[in-house]
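Working notes, structure below.
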Amino acid sequence: MRLLIIEDDRDAADYIVRAFREVGHVADQAADGEDGLAMALDGDYDVLIVDRMLPKRDGLSVIGILRDKGIETPVLILSALGQVDDRVKGLRAGGDDYLPKPYSFSELLARVEVLARRRGGRNEDTVYRVADLELDRLSHQVKRGTEEIVLQPREFRLLEYLMKHAGQVVTRTMLLENVWDYHFDPQTNVIDVHISRLRSKIDKGFAQPLLHTVRGAGYMIRDGAR
Amino acid sequence: MTALGKLLRTTAFKLTLVYLTIFALFAVFLLGYFAFNTRRLFNEQITNTVNLDIEGLTNQFNTAGIRRLVLIVEARSRRPGSSLYLVTTPTGEGLAGNVGSLPQGVMANPGWTETVYRRLDESDISELHRALVRVSHLPGGFRLLVGRDLDERDRLYDVVLDAGKWSAAIVVILGLAGGFFVARRVLRRVDAMTDTTRTIMGGDLSGRLPVAGTGDELDRLAENLNAMLERIEALMRGLKEVSDNIAHDLKTPLTRLRNRAEEALRRQPSEAGYRAALESTIEESDGLIRTFNALLMIARAESGQARDNMVEFDAAEVARGIGELYEPLAEEKGLELTVAAPASVPVTGNRELVSQALANLVDNAIKYAEPEAQKNGAPSGIVVKAAAEGDRVVLMVADKGPGIPESDRGRVVERFVRLEKSRSVPGSGLGLSLAAAVARLHGGELRLEGNEPGLQAVIVLPRGGPQGAG
């Protein structure tokens, strides 16, 4: 995966670039809005990581120009402004995801991977399959092998999101945002309890667990045999 | 600037001058109109009387001749307060009447004239009177003069003129004095206000503007400014509290964080030991970030910035959503969480913030009711309720936990305040503060009530948003 990081704080940028390289991605960096825009226009990137406040050209304006030129590369906005309306502003300007500072690298990585994958497009599938687990998005049926699993509506959406991003780490915040549509931090980890409920329905009694906890990051649905 | 100069420059005094001018002009106009009309009325009356007299006398002359006319004129001339009469021969010799002397040529021209004259019975020859007279030439060359003295008219005219002068003088003097008085009074109050403002600007925020209690516009101004000062003082107090609290509640975890890192360096433990130390460092900083975010959120809600994004949303849907989010957690803790909400409760506000506020209340309820539930063994209930009550919308969370003593209810809403016995329960101490700030942002309030046993936390919101609350 090729990434462009437009961030004026050199320490932060260096840290992200190093971390992405460590997990096997190619990461370039630009230190201001003008350079970033030029590089984004020239290079072929899978995901752009754009800081909101940049010298020379504001992050939102960089995104606006890219979108005007028909460049649809997914953009993740980083911002010290973490409030709801700032996030809405960022997404309205053409960003695809928004992460307030300070963030953990695992959160950033999970989100960037989901964005890069979205480009490939799995949205159109009507049936998601992971090993012998099958989720039909139209009939709302879930089966593990031949056995039908009955889920509450929210559990269904939770599983749907996890399976849509099968093989990828999904963080608690991502779940809260995408499954529940809340953008705040519930002080207690309510998501964990929902996951364990879901786990008891889809994994309990089966030899091979599919829903895994990724320590320090989140959750992942994955075919463990592969 | 001298005191007088300051006084003359006041708005009150300038207004007085304007009113004074207008009023004086009006008085002059009124008196002038009165004088003019009186004069006209007098003239009309004189003209009518004289015309009637001449008509009657001419008739007498035509039917009975000059002798009869002379007799009648003689008789009428002697009556007290009579009109002026004079009958002369064609050559100008007087036959009858009470007019002593006239200027030359008055009798020669028939018609109306204003002239001077002297009465026949007057001894003082220096005194001349003015009269309005009509001369009529009779057949045979006789001349008849009938007229009225104008002294009365002129006297009245003088009286009116005098009254005008005096009243104008009085109006001006009283007006100026009143202007001075009002201006000085206003100036004194404004000066008092200015003094107070200076002390406040000097840093003493507890100062308040004097209110005279008359309910006038200056009082209203002072009251409004006082309300503003009240709010500013509260905000400043909040700010100070926050900085104090940040000092205390952020420094404590920061110290812990630093200590742990330092200890790891000093002891040089195994790799697993380093890992554990680093992990706890990250955990600690996550906690710090969370606290920090909550503080920012509260500050933001309190400053009223989030008011821009208010839309209509369904409070019942929020109650169900939050209930659904927390229900598994509650169940895990041995609590039964139920949601009581009608199909739809529309309210204007910031859905995200209200959701978060409600989530904090539910989170609290679960945290504090849990030990109680463990003790009793029986599942204790938490009720999340949304309802419309008149023009307000309430979102309520009721638990059967230990509750909050009535005396502490005001205090727990403040930032970082945690009651002694809840120190052991994890939390930042910001949940209720945030809920209260969100409620205030919407023009509503957070009410903490007893649930016998337990706590009932109620977010009251005006249905139409903060504007609707006025």
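The values are calculated or read from the model by the stated rules, or taken from the named source; none is laboratory data. Only a predicted model underlies this, so the values are computations on that prediction, with no experimental measurement involved. Positions of Cβ are generated from backbone atoms using ideal geometry, with glycine treated the same way; all protein chains shown enter the neighbour counts.
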With respect to B:E445, determine if the residue is modelled with pLDDT of 75 or more and either in contact with a Cys (Cβ under 9 Å, 6 or more places away or on another chain) or acidic (D, E) (or both). yes
Of all residues in the stretch A:185-222, how many are under 26 Å from B:A294 (Cβ atoms), surrounded by fewer than 21 Cβ atoms within 10 Å (Cβ to Cβ) and touching a residue at least 60 places away in the same chain (Cβ under 8 Å)? 2
Run down B:E279, B:E312 and say which single residue is farther than 22 Å from A:E177 by Cβ, facing chain A (nearest Cβ under 10 Å) and loosely packed, with under 15 Cβ neighbours inside 10 Å. B:E279
Output the number of residues of the stretch B:327-348 satisfying the condition of being touching a residue at least 40 places away in the same chain (Cβ under 8 Å) and either not in a strand (DSSP E or B) or not polar (S, T, N, Q) (or both). 13
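Let me confirm something: among A:V170, A:V190, which residue is β-branched (V, I, T) and at pLDDT 90 or above? Explain how you work it out, then say what you get.
On the way: A:V190 fails: at pLDDT 90 or above.
Answer to the check: A:V170.
For the stretch B:319-340, state whether one or more residues are more than 10 Å from chain A (Cβ to nearest Cβ), among the hydrophobic types (A, V, I, L, M, F, W, C) and more than 23 Å from A:Q152 (Cα to Cα).
no
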Residue that is farthest from the chain's Cα centre (by Cα), among those in the stretch A:61-83 that are within 10 Å of chain B (Cβ to nearest Cβ) and either surrounded by 19 or more Cβ atoms within 10 Å (Cβ to Cβ) or at pLDDT 90 or above (or both): A:Q83
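Looking only at the stretch A:190-216, count how many residues are hydrophobic (A, V, I, L, M, F, W, C), over 17 Å from B:D286 (Cβ atoms) and within 12 Å of chain B (Cβ to nearest Cβ).
Step one: filter the stretch A:190-216 for residues hydrophobic (A, V, I, L, M, F, W, C), giving A:190-191, A:193, A:195, A:198, A:202, A:206-207, A:210-211, A:214.
In the following step, the residues that additionally are over 17 Å from B:D286 (Cβ atoms) were identified as A:193, A:195, A:198, A:202, A:206-207, A:210-211.
This time we only want the ones that are within 12 Å of chain B (Cβ to nearest Cβ), so: A:193, A:195, A:198.
Selection size over the stretch A:190-216: 3.
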Filter result (more than 10 Å from chain B (Cβ to nearest Cβ) and not in a helix (DSSP H, G or I)) within the stretch A:90-107: A:A93, A:G94, A:G95, A:D96, A:D97, A:Y98, A:L99
Picking from B:G178, B:G147, the residue that is in a helix (DSSP H, G or I) and in contact (Cβ under 8 Å) with a residue 60 or more places away in the chain would be B:G178
Hey, does the stretch B:102-111 have a residue that's surrounded by 14 or more Cβ atoms within 10 Å (Cβ to Cβ) and either under 60 Å from the mean Cα position of the chain (by Cα) or assigned to a strand (DSSP E or B) (or both)? no
Checked the stretch A:136-189 for anything within 11 Å of chain B (Cβ to nearest Cβ) and either on the phi > 0 side of the Ramachandran plot or part of a loop (DSSP other than H, G, I, E, B) (or both); matches are A:Q152, A:D181, A:Y182, A:H183, A:F184, A:D185, A:P186, A:Q187, A:T188, A:N189
Name the one entry in B:R290, B:R275 that is part of a helix (DSSP H, G or I), without any contact (Cβ under 8 Å) to a residue 40 or more places away in the chain and either outside the structural domain of B:A387 (by TED's automatic domain parsing) or basic (K, R) (or both). B:R275
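Quick grid of which residues meet (1) at pLDDT 85 or above; (2) in a loop (DSSP other than H, G, I, E, B):
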position: B:K400; (1), (2): no, yes
position: B:G403; (1), (2): no, yes
position: B:V412; (1), (2): no, yes
position: B:F416; (1), (2): no, yes
position: B:V425; (1), (2): no, yes
position: B:L432; (1), (2): no, no
position: B:A435; (1), (2): yes, no
Being under 30 Å from B:L15 (Cα atoms), of a type in the set (V, I, T) and part of a loop (DSSP other than H, G, I, E, B) is the requirement here; does B:T214 meet it? yes
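Here's the yes/no breakdown for (1) assigned by TED's automatic domain parsing to the domain that holds B:M107; (2) surrounded by fewer than 17 Cβ atoms within 10 Å (Cβ to Cβ):
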| position | (1), (2) |
| --- | --- |
| B:R130 | yes, yes |
| B:S136 | yes, no |
| B:G141 | yes, yes |
| B:A169 | no, yes |
| B:V172 | no, yes |
| B:A192 | no, yes |
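Regarding the stretch B:257-267, can at least one residue be identified that is in a helix (DSSP H, G or I), within 30 Å of B:A301 (Cα to Cα) and either touching a residue at least 40 places away in the same chain (Cβ under 8 Å) or of a type outside the set (K, R) (or both)? Even if it seems obvious, please write down each step before you answer.
Going residue by residue through the stretch B:257-267, those that are in a helix (DSSP H, G or I) are B:257-267.
Among the residues that remain, those that are also within 30 Å of B:A301 (Cα to Cα) are: B:257.
Add one more test, that the residue is either touching a residue at least 40 places away in the same chain (Cβ under 8 Å) or of a type outside the set (K, R) (or both), and what stays is B:257.
Yes, because at least one residue in the stretch B:257-267 is in a helix (DSSP H, G or I), within 30 Å of B:A301 (Cα to Cα) and either touching a residue at least 40 places away in the same chain (Cβ under 8 Å) or of a type outside the set (K, R) (or both).
Within 44 Å of the chain's Cα centre (by Cα) and at the interface with another protein chain (Cβ under 9 Å from one of its Cβ atoms): which single residue out of B:R307, B:R300, B:R290 fits that description? Talk me through it step by step, then tell me what you get.
Values: B:R307 fails: at the interface with another protein chain (Cβ under 9 Å from one of its Cβ atoms); B:R290 fails: within 44 Å of the chain's Cα centre (by Cα).
After ruling out the rest, the residue left standing is B:R300.
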